[in-house]
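Below you'll find the structure, written out as structure tokens, and then a few comments.
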Amino acid sequence: MTNSRRILIVEDDEPFRRMLGKQLRLHEEFVSIEADTGVKALELAKADYFDIIIVDVGLPDMDGREVCRLMRRNGVTSPIIMLTGADTDADAILGLDAGANDYVTKPFRIGVLLARLRAQIRQHERSDEAVFTIGSFTFQTRNKFLLNEETNQKIRLTDKEAAILKYLYRAHGRVVDRAVLLGQVFGYSAAVETHTLETHIYRLRQKIERDPSNAEILVTEPGGYRLVV
Ligand code: CA
């Protein structure tokens, strides 16, 4: 499936962590990576981008809230959900103070966690802090540039190109109708020719496709376009 979200699960309780990872992988939208200590989690978060991070408050080497605080200090902007063991509000509030976006109290039902994950991911992807993975590129929406992870080459996008890519990405692999894309990117009221959109798509392909005349990432479909990620 396209557009799988990468989740980092930070929890030392191995059976619980594995169960959680398995449950999340069952939902094909998630790919999970696991860490059993705060130190490992910090290294992973520094080296790689995760769409969301789950941190248990109780870790062997440090408090989960400290992990959260350090990740924020290291510039990690991904949503973080804390797992709190204690049924006290104080724990949770301290977690939010440390920079977590939300918390779930153990024990919880997987459905509850999934709902929180999806809500946080959705909210984050609408924000300007979002980083999307598109093929071999990471797309930093705030700076409007693509980084080719294979060649380390940076590609600047125009406002419109970034807007087109963002909108297609959020469609999760579905076809976006040409008229919808026009409306979303240029505004419904603007009298813009379809040709204008095609010009932007053409330039975008020159930047991201290996062979722009044979698109593999931003593909044309009957009536619209689709992003293969
Ligand atoms: Ca734990």
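Structure values in brief
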item	result
The one condition in (1) closer than 20 Å to GLY38 by Cβ; (2) touching an Asp or Glu at 6+ places or on another chain (Cβ under 7 Å); (3) open to solvent by 20 Å² or more (accessible area, probe 1.4 Å) that LEU70 fails to fulfil	(2)
Matching residues in the range 29-54 - criterion: being closer than 17 Å to ARG73 by Cβ, β-branched (Val, Ile, Thr) and more than 18 Å from the chain's Cα centre (by Cα)	VAL39
Top-ranked residue of the range 20-36 - restricted to ones that are open to solvent by 20 Å² or more (accessible area, probe 1.4 Å) and within 13 Å of the ligand (Cβ to nearest atom), ranked as nearest to MET62 (Cα to Cα)	ASP36
Extreme residue, farthest from PHE137 (Cα to Cα), among residues of the range 37-55 that are out of contact with any Asp or Glu (no Cβ under 7 Å at 6 or more places or on another chain) and open to solvent by 30 Å² or more (accessible area, probe 1.4 Å)	LYS40
Where LEU94 falls short, out of the listed (1) within 13 Å of the ligand (Cβ to nearest atom); (2) open to solvent by 60 Å² or more (accessible area, probe 1.4 Å)	(1)
Output for the range 197-211, where each listed residue is surrounded by fewer than 17 Cβ atoms within 10 Å (Cβ to Cβ) and closer than 14 Å to TYR225 by Cβ	GLU198, THR199, TYR202, ARG203, GLU209
Which numbered condition PRO79 fails, given (1) within 13 Å of the ligand (Cβ to nearest atom); (2) buried (at least 23 other Cβ atoms within 10 Å of the Cβ)	(1)
Residue among VAL229, VAL175, VAL185, VAL219 that is at negative phi and open to solvent by 60 Å² or more (accessible area, probe 1.4 Å)	VAL175
Filter pass, ILE7 being of a type in the set (A, V, I, L, M, F, W, C), crowded, with 21+ Cβ neighbours inside 10 Å and either within 15 Å of the ligand (Cβ to nearest atom) or in contact (Cβ under 8 Å) with a residue 24 or more places away in the chain (or both)	yes
Single residue of GLY111, GLY99 found to be on the phi > 0 side of the Ramachandran plot and open to solvent by 20 Å² or more (accessible area, probe 1.4 Å)	GLY99
Selected residue (criterion: modelled with the highest pLDDT) from residues of the range 71-117 that are among the aliphatic types (A, V, I, L, M) and part of a loop (DSSP other than H, G, I, E, B)	ALA100
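The values are calculated or read from the model by the stated rules, or taken from the named source; none is laboratory data. Since the structure is predicted, the reported quantities are computational estimates derived from the model, not experimental observations. Please note: Cβ atoms are built from the backbone with ideal geometry, for glycine as well, and neighbour counts cover all protein chains shown. Note: areas computed on protein heavy atoms with side chains; ligands, DNA, RNA excluded. Shrake-Rupley method; radii C 1.70, N 1.55, O 1.52, S 1.80 Å.
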